[in-house]
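Comments concern the structure below.
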Amino acid sequence: MQIKKGINVSPGVAIGRAVVIDAEDVRVPRRTVAEACVPAERERLRQAIEASIHDIEQLHTQAEATLGADLARIFDFHSGMLRDKHLIGQIEGLIDSERVTAEYAVYFVMRHQAEMLTQLTNNLYRERVHDVWDLERRLLGHLIGSTRAELSTLKHEAIVVAHDLTPSQTASLDKTYIKGIATDVGGPTSHTAILAHALGIPAIVGLEDVTMAVGSGDTVIIDGNHGEVIIAPDAAQLMKYRAYEQRIADLEISLDEMARLPAVTRDGTEIEIQANIEFPGEVRAAIEKGATGVGLYRTEFLYLASDSEPTEQQHFEAYMEAIGILEGRTMTIRTLDLGADKVASPRDMFSHTEPNPVLGCRSIRLCLQNLPLFKTQLRAIMRASVAGPVRIMFPLITSVMELRQARMILNDVMEDLDDEGIVYADNIPVGIMVEVPSAALQIKTFAPEVDFFSIGTNDLIQYTLAVDRGNEHIASLYSAAHPAVIRLIREVIQEAKRTQKAVSLCGEMACEPEYIMLLLGLGLTRLSVTPPAIPEVKKMIRSVNIKQCHRIARRVASFDSDREVFNFIRDEARKAAPEVLDDLTINY
Ligand code: PEP
Ligand code: MG
């Protein structure tokens, strides 16, 4: 049994068998076997070699028929290696001397071969490295099954273990089968984190080398509440976690009753809870959980989950689907926020190699430099606006000039639609995300030119503290409780109120029960959160009274460090709603 600690980004517990996904590279953990099992490992190796030789002979015959004898000769190198006594002797020798599994011995020896080839100066030999990788995959395929599992075709329950998941991979996760996620990299608000949370799949990121420690088929426990992955748990751990899983399920059922109750504090302050969504398909669940509308639709996922640039019609259909399900509730469509963490890696449609993409041509900047892309989306939004109440929100606004430019393009689009006789709703509210300090400090300047503000703490924290939100190595520095972050939030809310503009907060901070009292105390009456978090947030709101929240916000202003702030607000939240915070702690 092994326990690894990472960053918990989506709560819950999942127990199941691992499927290890590798973007490019296969990693095989080093496993030893009992002395008595060594002959069995040698036999597995022999069978894998035999099966691989058989594959290659078949490929050779096929290639000869279709490509000719000359080209078919490429397979001679492969079968030559599989019959190379020296090479096979090295693999067998490792199994004998170190008592490792056949797959690890293949992996270790083939890696060594590949390394030696890459160091050669002769290009012809160096290129052979691809053949070595290919052979390694083939042998491993026969020993441990496919090493490159396809998430979208997975048809059995599994815990996905990966170095990282691209947005399109994460987007294709089917909750029926994917019970939990563990990744080597990623920070608290990386795209994998946000999507896993939205899908309600327990997830831990930033585990550094979990793909080295877990093999496909291993039993794994994901404890998304404490950020722990338990690999090959013993019977006692399994029993404890099964009971914990049941307690969480019971609590979820009791929290689901919240959907029908209003989000109102004990002393009568009403709070509006809207939903953050990435796909129209999430809207129904959001309403079922009690959302009063959509406060953030991350439309870039339309791009990230598809192979080609969506057409105006595809945008339009996605918006119409969501608006239809909302049945008159508000829909806030954020224009494309592509770039930085939101790229369709590895085949990024907009890949410019920038030295510093987080500070580069991303989000609204990318749209303003690529008008056809921007206008296509704006046309679709305007066309859909007649079907229900729609608001437009521009991301990553850093200066008022940028906002004016974006509004000018929107006016151009409206004029084009007028010329074409296409109808759209009048006076669509236009707002901005407040997610960089420069915008947070200029609310008064922005106020006359916008209808609403939405505070995006995921980026605001990143840009205020100079901490990459996706980097697991500095994740402990990424904190919503930092006094500088709280001060900015406080000033945005106060200034928005002074200028009588609506203000909401849609960063992940609003999904964490510990922060709810502070946010209400700072004066927020509107939050936008991922749908699975709605019941918990509502429960928190219904457990507190607003005077208590104001007192907490005042007290927090006197603290110097994020640790002091967080400890204080967590203790206060625990006192106000122990059933939300304490029932989710496991008894170790
Ligand atoms: C944010 O930055 O807080 C936000 C809500 O947007 P995203 O996470 O999509 O960048
Ligand atoms: Mg953002």
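The values are calculated or read from the model by the stated rules, or taken from the named source; none is laboratory data. Remember, predicted model here, so these are calculated numbers, not experimental data. Quick reminder, even Gly has a Cβ in these numbers, built from the backbone with ideal geometry, and neighbours come from all protein chains shown. Remember, those area values only see protein heavy atoms, side chains included, never the ligands or the DNA or RNA. Shrake-Rupley method; radii C 1.70, N 1.55, O 1.52, S 1.80 Å.
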Revision key, fill the gap. Within segment 518-556, the residues that are under 17 Å from residue 225 (Cβ atoms), more than 16 Å from ligand 1 (Cβ to nearest atom) and aliphatic (A, V, I, L, M) are 540
Study note, to complete from the structure: Taking segment 399-411 and the residues there that are among the charged types (D, E, K, R) and open to solvent by 60 Å² or more (accessible area, probe 1.4 Å), the one that is farthest from residue 382 (Cα to Cα) would be 404
Practice item. Identify the single condition in (1) more than 16 Å from ligand 2 (Cβ to nearest atom); (2) closer than 19 Å to residue 504 by Cα that residue 474 does not satisfy, given that it satisfies every other one. Key: (2)
Point to revise | Of the criteria (1) within 17 Å of residue 486 (Cβ to Cβ); (2) crowded, with 23+ Cβ neighbours inside 10 Å, which one residue 433 fails | key: (1)
Point to revise | Count - residues of segment 194-207 that are in contact with a helix residue (DSSP H, G or I) (Cβ under 7 Å, 6 or more places away or on another chain) and surrounded by fewer than 24 Cβ atoms within 10 Å (Cβ to Cβ) | key: 1
Check your understanding: Is it true that some residue in segment 307-328 is more than 21 Å from residue 451 (Cα to Cα), touching a helix residue (DSSP H, G or I) at 6+ places or on another chain (Cβ under 9 Å), aliphatic (A, V, I, L, M) and part of a loop (DSSP other than H, G, I, E, B)?
Key -> no
Review point. Which residue, of 537, 580, is in contact (Cβ under 8 Å) with a residue 12 or more places away in the chain, more than 15 Å from residue 271 (Cα to Cα), of a type in the set (A, V, I, L, M) and assigned to a helix (DSSP H, G or I)?
Key: 580
Check your understanding: Where residues in segment 277-293 are open to solvent by less than 10 Å² (accessible area, probe 1.4 Å) and within 19 Å of the chain's Cα centre (by Cα), which of them is nearest to ligand 2 (Cβ to nearest atom)?
Key -> 278
**Study point:** Spans of helices (runs of 4 or more DSSP H) in segment 46-129 with at least 3 residues over 25 Å from residue 36 (Cα atoms) and either open to solvent by 80 Å² or more (accessible area, probe 1.4 Å) or modelled with pLDDT of 80 or more (or both)
**Key:** 74-82, 102-118, 123-126
Check your understanding: Just wondering, is there one or more residues in segment 482-501 that are within 16 Å of ligand 2 (Cβ to nearest atom) and open to solvent by 10 Å² or more (accessible area, probe 1.4 Å)?
Key -> yes
Review point. Could we say that residue 524 is out of contact with any His (no Cβ under 7 Å at 6 or more places or on another chain), assigned to a loop (DSSP other than H, G, I, E, B) and open to solvent by less than 60 Å² (accessible area, probe 1.4 Å) here?
Key: yes
Exercise for review: Might you let me know whether segment 332-347 holds any residue that is of a type in the set (D, E, K, R), open to solvent by 30 Å² or more (accessible area, probe 1.4 Å) and modelled with pLDDT under 95?
Suggested key: yes
Practice item. Determine whether residue 475 is in contact with a strand residue (DSSP E or B) (Cβ under 6 Å, 6 or more places away or on another chain), modelled with pLDDT under 95 and closer than 30 Å to residue 356 by Cα. Key: yes
Review point. Of the residues 463, 424, 515, which single one is within 16 Å of ligand 1 (Cβ to nearest atom), open to solvent by 30 Å² or more (accessible area, probe 1.4 Å) and free of Cβ contacts under 8 Å to residues at least 60 places away in the same chain?
Key: 463
